[in-house]
Every structure is written in C-alpha cells, then in structure tokens.
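Taking it in order: structure first as structure tokens, then the write-up.
The values are calculated or read from the model by the stated rules, or taken from the named source; none is laboratory data. In this text the structure is predicted, and so the values were computed from the model without any measurement. Positions of Cβ are generated from backbone atoms using ideal geometry, with glycine treated the same way; all protein chains shown enter the neighbour counts. Keep in mind that these areas ignore ligands, DNA and RNA; they rest on the heavy atoms of the full protein, side chains included. Shrake-Rupley method; radii C 1.70, N 1.55, O 1.52, S 1.80 Å.
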Amino acid sequence: MMRALVLSLVAMPAWAEPPRVVTDIAPVHSLVARVMDGVGTPDLILPQGGSPHDYSLRPSQAGALESADAVVWVGRELTPWLADAVEALSEEGASLELLDVPGTRLVEGHDHGDHGDHAEHADEGHDDHGHDDHGHDDHEYDDHASDEGGHEGHDHGGLDPHGWLDPANGILWIDAIAARLSALDPENAVIYAANAEAGRAEITDAARKISTRLDGLPDRGFVVFHDGYGPFEAAFDRPAFGAIARGDAADPGAAHIAELRAAIADESVICVFGEAQANSGLVDTVIEGSDARTAVLDPLGMQQALGPDFYVKTLTALANSIASCLES
C-alpha cells in the first residue's frame, strides 16, 4: 500500500526545479537520496574509499558547495575540513548538521577500558522504532540538547561522531532531511514526506532483523580496528572488548597490543575485525599465534552501490560480518 502511494506521488508532475543538495559521506547521501527519490539526486563530496577525517576539497567540489541549496552532513567532528566551506554558505538554513538534530543519540568515544560502557542518554523517545526492545536499556547515551538552533551550544567534544551507525538516528535524520527539503521545495513536500515515511519503515524493519540476528549470538568477545563503532554497539547491546587503534589516526602502543593478545589467549576475544582501508598488518600482529578469527567491517559501505537503499544495506552488512565471525 505504502509503495503504491509513493509510486503514485512520484508520478505526479513536479514543476519546480529540485533543490541542489550536497552530502558529505555515502550513508548520508543514501538518506537524502531516499527522501529525494523521484524528485532529484544529491551530490556526494567524499568519494567512496576516502577517509572522512582528512580529505581535501577539490575546486569543483568547493564550487558545488557554494552553489548548493542545502548541505547535509554529519558534523565537524567527523569532517572538520568541511566546516569552513559550510559556514561560508550565504543562505541561512542551508546547512543541516545531523549531529545537531534534536534527539540525536550520541555516545562517548572511549578506549574500551570499561569494555563497552557508554555515555548518558536523556531521550528515550526512540523505543518505538523496533530495536530498543531487546533489553538494551543498560546502555546510556549522551544528554543531547533538544532545543532548536545551530552548532553553538552543542559541544560534541569526546563523543563518537559515527552517529549513522545507530538506526534510531537514521530514522530521526530522515525526518529532519524531509523537513528541510520541504521548506526549500514546498511543491514536492508531499513526495518528501511519503519517501521519509517509507524510509523510516525500511530502517525500522532492518533494525529489527539486525537485533534478532545479534541477540541470538553466543556471548563472545571481539575487537574492532578503531574506536568508531560506539553507536552501533550501544544500539544493539553488542559492545566490543576493545579497539586496536584508540583513535581514527592513532597507532596502538606495544602495551595495548599485548593487552589485546592476552585477551585472545584467554579466549575473552575470539574475533578481530579489520577495515578495508586499515593497516591489515596490525590485525595480523594482534592475532599472531592464536586461533582468533578475522573479518572486515565496512562502516562507510565501500562495497555497496550508492542509492536510496545503501544505508540499510550498509548496516545489515555490518551486522552480518559481526555475526558470521562470532557464530563460526
């Protein structure tokens, strides 16, 4: 029924020129593409395979930003190189910084010394989205300000910026994207609203399936490559034992490697995850001489084709990689 409604709305003539929307990373591009389906296609700044933390804008990309009607991005904590260009936009409201969307669930970055404890969360308004009903209330989230406004007053220092890995945020953000596009392009507001509703249903369904898959796993420990999976770990109550790299650009010290190797030796950890862009030699060092299994996680969906269903496929693939390694 919903699909038929969306198709019928998409078939309606849209006389206005669709807004020019620029996005930072592929998961955000997917959320915007889902909302714009049948109206237009957003642009993507960061190429698939690029690092969001240290990218340099090309002149053509800077020009695309200057001519954009809207820029939808995670935030300066993830892509600091994009902040100046976004702030230079002349149109008020042209930037939608997703980490600042009221109600966004944020978790603290940590070194896993507490093996998975997260920060405090004051907004429990996402329980109806289908993936927080599996005993996950033990995880606490950051008390993110729920007032309207820009980045001022929203200090995310120390918080994990990989917020798209929590599907509750994807559900929240898709509504914020639809609202922003509807304000820019009221002639297509009905289509944006219908697409957002369909997108919420798709993310909710995927989150339920992921919860079912992960909840059925044995209680085994795993190590991720870098400390950037906190939102996923908290959303699905599947905390990592630790991370090889404690930051996005920080190489581990010998003592930390020894700690991880000891955990593998006593079978506290049975799986160590690398990443497509990461130094696989560090994974080999951690598991050397052990029976620990390895697999690759892809939080940016480098192996997925861009499009409206990219976001759901990326979260599902991430969960499947974790499950396949832990249940072997």
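Computed quantities for the displayed model
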| quantity | calculated |
| --- | --- |
| Portion, in percent, of the accessible area of the stretch 180-281 that falls on carbon or sulfur, probe 1.4 Å | 50 percent |
| Hull volume in cubic angstrom per residue (convex hull over the Cα atoms of the stretch 194-315) | 109 Å³ |
| Listed peptides 232-238, 30-36, 211-217 by packing density, highest first (mean Cβ within 10 Å) | 30-36, 232-238, 211-217 |
| Mean separation of Cα contacts under 8 Å (6+ apart) over length of the stretch 256-324, as relative contact order % | 29 percent |
